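Written out below as structure tokens is the structure these notes cover.
Bear in mind these aren't lab numbers, they're just calculated from the coordinates by the rules spelled out. Since the structure is predicted, the reported quantities are computational estimates derived from the model, not experimental observations. In this analysis, Cβ positions are derived from the backbone assuming ideal geometry, glycine residues included, and neighbour counts consider all displayed protein chains.
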Amino acid sequence: MNTPALHGQTMTFRIAFCGLLTALFTAIGSPQAGGFRHGQESETAGIGTSGGGAAGEEAAAGRAASDTLPGDVMAPWEGGRAYFSSWSHGPSTDVRFFPIAVWLQSPENKATATEYKRIGINTHIGLWEGPTEAQLSAIASLQTTVLCDQNPVGLGSTRNGVITAWTHQDEPDNAQGGTQDPVPIPEVIGRYEEMKASDPSRPVYLNLGQGVACDAWYGRGNRTNHPEDYAEYSRGADILSFDTYPMNVYPLPNSAAPWFRAFHNAVAQDIGFVAKGVDSLRKWTGYAKPVWAWIECTNIDGDPRYALTPGIVKSEVWMAIIHGAGGIGYFCHQFSPTFIEAGLLANPQMRDAVSAVNAQITSLAAVLNTQSVENGITSVSVNPGIRVDAMVKRSGGNTTVFAVAMRPGRTTATFTLRGFTGNSTAEAVGEDRNLSVTDGVFRDEFQDYGVHIYKIPNPAGTGPDGGNPPAGESLQQNYPNPFNRSTAIRYSIRGRTQACRVTLKVLDLLGCETAVLVDGEQPNGDYRAEFIPDRFGLSSGIFICSLQAGGQSYRKKMLYIQ
């Protein structure tokens, strides 16, 4: 986000010994499938978030077992708000919190900072030449939080409780300083290790550029069309984000250089690249780290062809969330014809629309912060040129469907909910209307990137008042599995009247301890731990994940491939 213009690729494991791998899969079990399935008839694979964590939100912090339906396949995810329980001064683990940020806006300007908070902004990212004591004081007065550079003031200030993450240099994946070279990946990872060593109580945040969403982004210099870099960049942070502003990109004539046209003519006016960027970056992190998305909301360069509307901004936001973004940020600057730092606030129509979107996100945060159901719904669009993507969450005895049309124009989508029979009603959230649902099937119209959110009561016997959710603990299969850098391990503590002793260890096949990931008291809740074999000097092989909690023991096999 350094300038308005500077602001994938599934990683595959190449394994020579296929016969051996097949045998290992037999021993371990099939790896969990992941990814967002596209097509005119596609099962939802939006990947959401859940809470929990050391703060003790207990069972309400995540997906309760009683909210699932028989046959539910849960989508891979990074663990939602519980992910941040690893850091004592990290972002909130409260499931009612969903990050909604602005980039490089001055908190010392009380009028604009207060207005940002009024419209639902809860996070500032970036402080100009900061953090300074004045900036931290202003953030504290707002009762919001900030992600900022790590400097002596930030490390030593008595007000640094408002800092919830340290930030890298912005967009190191772009060519730097008039050269054709991005910041070398080892340098980014080295800086990450330095920041962690200086303060292990906060995560590290890294924002990447437009190459995340489009390989042809020429701003990467000699690394243009090298998407493989991003899996490596993702090793250098705990929270990842990217920016792409397609409504501020315009097509070029044939007289323009081919390398210039390749990007502009691909991305221009196509907001689907927001979703593509989320999909790609989540894959490159192995679904093990939160991915946030930056959203355009101004005419950045004052171009007369500017056609961004409040409705399109709303669609970009929900596209990102439906495809798995765990946080949203707004790029608010306008650079031309005059510079306006708070360009969003200078446009009352856009400001009010963004405020409404933020209010809806906040009202649904506890639902958004639950794990998505990968096989919960199929959608079929009558217009083959307009795909309708959807995400399914189950919470509080309801199934919530978030749906967005991925192209402009008009279409009707037919949704089929798996596991629903008989007649019921889908509430169109915030629209003051209901739709009839018969055997899980309902239909609705979508116009110009339209967004609809539906709430449907779960079938009888499956909600919080029905069924018999198991007490005790559970250990999920790690994801990804096999893995070659890191893998996420998720587990749950249930039915405890008080915190219990929990240990999560990694053993070799002889039962010898190779790593201790968790050792302490934990209350009811959903938890996530990250296993990075390099940190323990481990080589490729089969390992056993061992969870001991409440006098019970659980084990899963994992395959690590260097």
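The table that follows gives values for the structure above.
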{"quantity": "Cα-projected label distance for S137 with T514, points at 7 Å along beta-carbon direction, nm", "calculated": "5.3"}
{"quantity": "Distance-filtered residues of region 157-174 - backbone nitrogen under 13 Å, label point 7 angstrom along E129 Cα→Cβ", "calculated": "none"}
{"quantity": "Per-q log10 I(q)/I(0), region 95-368, q = 0.09, 0.10, 0.12 Å⁻¹ (Debye; single scatterer per alpha-carbon; no solvent)", "calculated": "-0.40, -0.50, -0.74"}
{"quantity": "The chain - Rg over Rh from alpha carbon coordinates, Kirkwood radius", "calculated": "0.95"}
{"quantity": "Pairwise centroid distance, computed over Cα atoms, of region 97-147 with region 485-518, Å", "calculated": "37"}
{"quantity": "Ranking of L308, L507 by count of other Cβ atoms within 10 Å, fewest first", "calculated": "L507, L308"}
{"quantity": "Sites I340 and Y554 - FRET efficiency at Förster radius 41 Å, r taken between beta-carbons, to 0.05", "calculated": "0.15"}
{"quantity": "Net length gained if the chain between H264 and N222 were fully extended (0.36 nm per residue, minus Cα distance)", "calculated": "13.3 nm"}
{"quantity": "Euclidean distance between Cα centres, region 349-408 to region 232-252, Å", "calculated": "22"}
{"quantity": "Size of electric dipole in region 472-560: Cβ of Lys, Arg +1 and of Asp, Glu -1, about Cα centre, debye, nearest 20", "calculated": "200"}
{"quantity": "Estimated FRET transfer efficiency when R0 is 56 angstrom, pair D181-V441 (beta carbons, to 0.05)", "calculated": "0.55"}
{"quantity": "Filter on K110/K289; K393/K505; K117/K314 - keep pairs with C-alpha separation over 23 Å", "calculated": "K110/K289; K393/K505"}
{"quantity": "Column: log10 I(q)/I(0), Debye, Cα scatterers of region 292-356, q = 0.24 Å⁻¹", "calculated": "-1.04"}
{"quantity": "Cα centre as origin, Lys/Arg/Asp/Glu Cβ charges: the chain dipole, Debye", "calculated": "940"}
{"quantity": "Extension gain, N254 back to I544 (0.36 nm per residue minus Cα-Cα distance, nm)", "calculated": "98.6 nm"}
{"quantity": "Per-residue Cβ neighbour rank within 10 angstrom, fewest leading, C500, C214, C512", "calculated": "C512, C500, C214"}
{"quantity": "Diffusion coefficient, µm² s⁻¹, Stokes-Einstein with Kirkwood Rh over alpha-carbon pairs of region 472-560 at 4 °C and 1.567 mPa s", "calculated": "98"}
{"quantity": "Exposure proxy order (Cβ contacts within 10 Å, fewest to most) of L504, L252, L475", "calculated": "L252, L475, L504"}
{"quantity": "Gain upon complete extension [E431, F536; 0.36 nm per residue less C-alpha separation]", "calculated": "32.5 nm"}
{"quantity": "Relative contact order computed over region 487-562 (Cα-Cα under 8 Å; 6+ residues apart), in percent", "calculated": "34"}
